[in-house]
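Heads up: the structure comes next, in structure tokens.
The values are calculated or read from the model by the stated rules, or taken from the named source; none is laboratory data. Small disclaimer: the values here were computed from a predicted structure and weren't measured. Here the Cβ is made from the backbone with ideal geometry for all residues, glycine too, and neighbour counts use every protein chain on show.
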Amino acid sequence: MQSYIIIISILILALPLLNFLVLGLADSRFSHKTAGTIGTFGLSIVAILSYITAFNYFFDFGKIDGVYQKFTQSVEWLRFSDTLHIDLGILLDPISVMMLVVISTVSLMVHIYSLGYMKGERGFQRYYAFLSLFTFSMLGLVVATNIFQMYIFWELVGVSSFLLIGFYYTKPSAVKAAKKAFIVTRFADLGFLIGILILSYFTNTFDFGALTDPNGSIIGNPASATFMGFSVLSWATLLIFMGGAGKSAMLPLHIWLPDAMEGPTPVSALIHAATMVVAGVYLVARLFPLYFFVTPDVLTVVAYIGAATSLFAAVVACTQTDIKRVLAFSTISQIAYMMVALGVSGFGGHDGLGYMSSMFHLFTHAFFKALLFLGAGAVIHAVHSNEMGDMGGLRKYLPITHITFLIACLSIAGIPPFSGFFSKDEILVAAFHHDKILFACQYLVAGLTAFYMFRLYFGIFWGKETHYHHTPHEGGVAMSAPLIFLGLLTLVTGFVPFHDLITTNGVSFAAHIDWAIAIPSILVGVAGIAVATVMYKKPSDIPNKVATAFNGFYVATKNKFYFDEIYLFVTKKIIFNCISTPIAWFDRHIVDGFMDFQAFWSNMLSSNIRYLQSGRVQQYVWVFTASAIVIAALVIF
Amino acid sequence: MNYLDNILAMRAELLVVAQIIFLIIYDLFAPKTAGKTIDFVSCALFLVITAVGFIPQADVEAFGGMYLSSPITEIMKSALNIGVILMFLQSKMWLNSEQIAHKRAEVYILVLSTLLGMYLMISSGHFLIFYIGLEMASLPLAALIAYNKYSYNSVEAGVKYILMAAFSSGLLLFGISLLYGSSGGAGLYFESVRALAIPSSLTLLGLVFFLAGMAFKISLVPFHLWTADVYQGAPTNITAFLSVVSKSAAAFALMLVLFKVFPALFDYWEYVVYALIVASITIGNLFAMRQKNMKRFLAYSSISQAGYLLLGMLAGTAFGMTSAVYYVLVYTVANLGIFAIVSEIENRTGKTEISDYNGLYKTNPYLSVGMMLFLFSLAGIPPFAGFFSKFFVFAAAVEKEYYGLVFIALINTVLSLYYYLLVVKAMFIGNDKITAIARLKTNGYTKTALFIALAGTLLLGLLSCIFAYIEDFSFGLM
């Protein structure tokens, strides 16, 4: 790796951190304008540096003998044994470079957008400081050279997400949502950490290079120990996947993401659409050879959990009325799509289509989903409400938002030539060749996606003509420019030749659109749109009729299949009553009692030995001599 | 090895001697009105000496093995140097006070003389040199402790110290003479004592008396009784010096002698050190809990800290030595950070009770936060350096399977957290509007000292290369 690339990658990490420190320490000493400018300027440099890195990696030094290489540069930080040590460093390979581009682009857009959206908010400087912290953590996560470094940044990402969700800390619902997000993901991370410990215990390394080398000793000769019928490595990768499922909101750990929408909308666009929530997908992709060669059973689990999640979230999304929640469930569904793609993937050449399409979908989804969120932000900014009931007919007032939102909806619905079509098509092809059940499921989800996205679109921009207290208007150039830029990206990113750039083994393969699958998938998308058009373009009572027809199912869906209630029941009724209360009693009476007893005892003792310290030198000398003689006597005899 | 090489081997000692002579001459001839420049000159010169100390030096044996220098001894001296420079920087306020100002140069000269003695202790290869170093490190200290000569407390502390020091030196010398006797007149070179150190009652008695004498310098229980009185009476900056530099030097010297001279008697001194650790940590903590005076409180806290430091030594391994040296380094920055604040407050307001710190956060937020970080480091709370240093000494002890001892030490860290937090509580929660210390404006010297201490407390733990560097040169029982 050329030395200038190392310097650039270090700068990519250092600038957001520096931004965070400067903005965080200065806090209200900077004016809003200064803070915003510093944050945005720093990020634009990071974005440019990321593009330089990506360009150089993909078209200059990355490919050696037709294979994209992994480049690592690291320093040893903590050494446990000769083979096991934690390093800190930078890893450049196709997926990490791709993630650099995604993160810095979306983050830059969010920085610019927030200049308009957060204008005049209390704590504006703090907001930008946290955004920088998040960007730093996320960039650090993707370039981690080893699983432990990734874990460190993983937790940092969790913390900054917590801070940003709870940004409006005077609002109880935001505080609750922040806590929920943090606790649920931390719970999942417990699995991740245990997985890391098991993995490192049996493989004696944290290093991604060694863990994922298909010709290396770990994959060639995996540890054979078993635990409860499964190999220990299966347990390890399953637990690691649990961490990923927590961050990526897979069933049943998805409950935090809809609530996380309490954060400022640009934050949702950055964290809960494009970057942090795909960390789980990235984690599985990072360890993909390990999953594929050593623990294919776990990979199947990944695929089925992904399929179940995507179907579940798509169904729930059809009934939600808060526009950000619709987008949240849509995000869950789309990320699950990526998981499915990883789950059905093979290794090498065209077999690795699933892996490639997963990364491809991650890439395209990041832009169009960020666009959807930012568009939703513009709508919320204009009408001061999240509820679809308060909207309607906005196309006249918000033309830019309308067009860009439509582009993103078409893209997620899988209509060519928008980017979502290409990546989704590849996923469906991969699923079709691997497992017909999964394919059927994802096919259905594609239709549902088109339906609920256009339900949302029509509900906001068409539908009934709502009377507004004051005329809604666009949020100014700071908010429009990112929308337009992301809209353009949505138009072009579908044409990026991912099969040349990002593959399981670094070797390009030929991929083409499989029209036998693409045409039905377009048709199902169009069908979804058509149904939505009939139901929602003009105010009608069809939606109510449908809801009445499926009464029980509708209510269950609207309540997100009672997942939150189940969690509450399990935690409050079962865990609190049956486990926590007895433990609390034990703690209060036995443990505290013991501690109080100790404190009492130490207190007694310390007051009883006070007389030793009399201030008289004669006594000091006496004690001195006596002690020396006693010790000598004890030693000699 | 010719004469010149012998002398050049004593690089560190020579530089200190040069500075002492320079300061004496400077003080004689410089106009009295320019007295304050001596602070700057002393600090600057000593900074140079500290910097030179970091230049690696090879193993040297000079004057026929009387003087030994190796990379690890140079590292130990550098650790002491850091303590001294921090102490110099924070003494400015005290030196400016009316009674001291006219004799400020002597403070530097006396401190440097004790430092020279400590160097000799660490680098000695012969018990006579060791003893000379020890005395050189003790006598000027007595003068320094009694430096506020119109203060009854200061003089009393000085007298107590010199009496106790004389007594302990006597015992130590007696121990050395027993060793000499048991060696059959082969001399007091470390090598020759080591060769003949067999577990006879004569040698063991000598060893125990030697240990007792050193335990006095490190103020280990039960040889600690002088500590609180002296620490309280001495000028605060001298207390800082006593509790950090003097104590660390003695610990280093003891460690080197035990490792180099008495490895064969490990089975015997192991028990003694074991008992001293348990007693020091526990008794130090129990006393610290009840103190009302800040300086007495720090005295007991330093007794228990010394116990932890010895944990690394007890292991008798290279890792143990590294962890002990590292512990000293971390303890130096944290404790001197605290002393910088305590002495600043004492010299400005004369207040030394813990209750005087009530509400300090309201008036001096920066000092309070700094103090809190130093206290956290002493208590061993991650991610401050103190956590790592405690972790390493525990790891060293666990490696040699002293589970019971580590258990006792761990319980004691919990106890210590209680009294360190008492101070934090006073500063942040204690609310006393009437008597709260007014806002202080610290001078540049103290600020520099605080910054160095803070940087050390925050970074020493995270920069693993420092520990690795020390480990490269450490050795176990020879």
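Residues in segment B:177-192 that are modelled with pLDDT of 80 or more, more than 14 Å from chain A (Cβ to nearest Cβ) and out of contact with any His (no Cβ under 6 Å at 6 or more places or on another chain): B:Ser177, B:Tyr180, B:Gly181, B:Phe190, B:Glu191, B:Ser192. Do you know which of the residues in segment A:200-246 that are in contact with an Asp or Glu (Cβ under 8 Å, 6 or more places away or on another chain) and part of a helix (DSSP H, G or I) is nearest to A:Val301 (Cα to Cα)? By that ranking, first place goes to A:Ser234. Annotation: of all residues in segment B:436-461 being more than 22 Å from the chain's Cα centre (by Cα) and exposed (fewer than 13 other Cβ atoms within 10 Å of the Cβ), the one that is nearest to B:Ala318 (Cα to Cα) is B:Gly444. From the list A:Val570, A:Val531, the one residue that fits, being within 34 Å of the chain's Cα centre (by Cα) and at pLDDT 80 or above, is A:Val531.
In segment B:263-278, the residue that is farthest from B:Val325 (Cα to Cα) out of those that are more than 12 Å from chain A (Cβ to nearest Cβ) and among the hydrophobic types (A, V, I, L, M, F, W, C) is B:Ala264. Is it true that some residue in segment A:466-473 is under 25 Å from the mean Cα position of the chain (by Cα) and touching a residue at least 24 places away in the same chain (Cβ under 8 Å)? Taking every residue of segment A:466-473 in turn, none turns out to be under 25 Å from the mean Cα position of the chain (by Cα) and touching a residue at least 24 places away in the same chain (Cβ under 8 Å). No other residue among A:Leu11, A:Leu21, A:Leu25 is closer than 23 Å to A:Phe130 by Cα, modelled with pLDDT under 90, within 14 Å of chain B (Cβ to nearest Cβ) and within 24 Å of the chain's Cα centre (by Cα) apart from A:Leu21.
A residue that is in a loop (DSSP other than H, G, I, E, B), loosely packed, with under 12 Cβ neighbours inside 10 Å and either at pLDDT 80 or above or out of contact with any strand residue (DSSP E or B) (no Cβ under 8 Å at 6 or more places or on another chain) (or both) occurs somewhere in segment A:505-515. Answer yes if at least one residue in segment A:76-94 is under 18 Å from the mean Cα position of the chain (by Cα) and either at pLDDT 85 or above or assigned to a helix (DSSP H, G or I) (or both), and no otherwise. So far as segment A:76-94 goes, no, none of its residues is under 18 Å from the mean Cα position of the chain (by Cα) and either at pLDDT 85 or above or assigned to a helix (DSSP H, G or I) (or both). Of all residues in segment B:206-237, those satisfying the criterion of being away from chain A (no Cβ under 11 Å), under 30 Å from B:Asn347 (Cα atoms) and either assigned to a helix (DSSP H, G or I) or aromatic (Phe, Trp, Tyr) (or both) are B:Lys217, B:Ile218, B:Tyr231, B:Thr236, B:Asn237.
Just to be sure, is B:Lys247 more than 12 Å from every other protein chain (Cβ to nearest Cβ), surrounded by fewer than 24 Cβ atoms within 10 Å (Cβ to Cβ) and not hydrophobic (A, V, I, L, M, F, W, C)? So B:Lys247 fails the test. Can you work out which of the residues in segment B:438-454 that are assigned to a helix (DSSP H, G or I) and in contact (Cβ under 8 Å) with a residue 60 or more places away in the chain is farthest from the other protein chains (Cβ to nearest Cβ)? So the residue we want is B:Tyr445. Within segment B:455-478, restricting attention to residues that are hydroxyl-bearing (Ser, Thr, Tyr) and part of a helix (DSSP H, G or I), the residue that is nearest to B:Ala334 (Cα to Cα) is B:Thr457.
Mind listing just one residue for me: the one in segment B:163-175 that is among the aliphatic types (A, V, I, L, M) and surrounded by fewer than 18 Cβ atoms within 10 Å (Cβ to Cβ) and, of those, farthest from the other protein chains (Cβ to nearest Cβ)? Checked segment B:163-175; the qualifying residue farthest from the other protein chains (Cβ to nearest Cβ) is B:Leu173.
Selection over segment B:393-409 of residues that are part of a helix (DSSP H, G or I) and either among the acidic types (Asp, Glu) or touching a helix residue (DSSP H, G or I) at 6+ places or on another chain (Cβ under 8 Å) (or both) gives a count of 11. The number of residues in segment A:613-627 being more than 7 Å from chain B (Cβ to nearest Cβ) and over 17 Å from B:Ser169 (Cβ atoms) comes to 6. The numbered conditions (1) farther than 25 Å from B:Thr332 by Cα; (2) within 14 Å of chain A (Cβ to nearest Cβ); (3) part of a helix (DSSP H, G or I); (4) among the β-branched types (Val, Ile, Thr) are all true for B:Ile281 except (1). Please determine whether any residue of segment A:564-578 is in contact (Cβ under 8 Å) with a residue 60 or more places away in the chain, away from every other protein chain (no Cβ under 14 Å) and in a helix (DSSP H, G or I). Among the residues of segment A:564-578, at least one is in contact (Cβ under 8 Å) with a residue 60 or more places away in the chain, away from every other protein chain (no Cβ under 14 Å) and in a helix (DSSP H, G or I), which makes the answer yes. Checked against the criterion of being assigned to a helix (DSSP H, G or I), surrounded by fewer than 24 Cβ atoms within 10 Å (Cβ to Cβ) and more than 10 Å from chain A (Cβ to nearest Cβ), the candidates B:Ala240, B:Ala195 yield just one match: B:Ala195.
Each residue in segment B:284-307 was checked for being part of a helix (DSSP H, G or I), within 12 Å of chain A (Cβ to nearest Cβ) and not hydrophobic (A, V, I, L, M, F, W, C), and 4 pass. When the helices (runs of 4 or more DSSP H) confined to segment B:55-157 are screened for residues that are over 21 Å from B:Ala340 (Cβ atoms), those reaching at least 3 such residues are found at B:71-90, B:104-123, B:127-145.
Residue check: is B:Thr322 surrounded by fewer than 24 Cβ atoms within 10 Å (Cβ to Cβ), of a type in the set (S, T, N, Q) and over 14 Å from B:Val423 (Cβ atoms)? No; evaluated as a whole, the condition is false for this residue. Residues in segment A:149-167 that are closer than 23 Å to A:Val110 by Cα and buried (at least 18 other Cβ atoms within 10 Å of the Cβ): A:Phe153, A:Trp154, A:Val157, A:Gly158, A:Ser160, A:Ser161, A:Phe162, A:Leu163, A:Leu164, A:Ile165, A:Gly166, A:Phe167.
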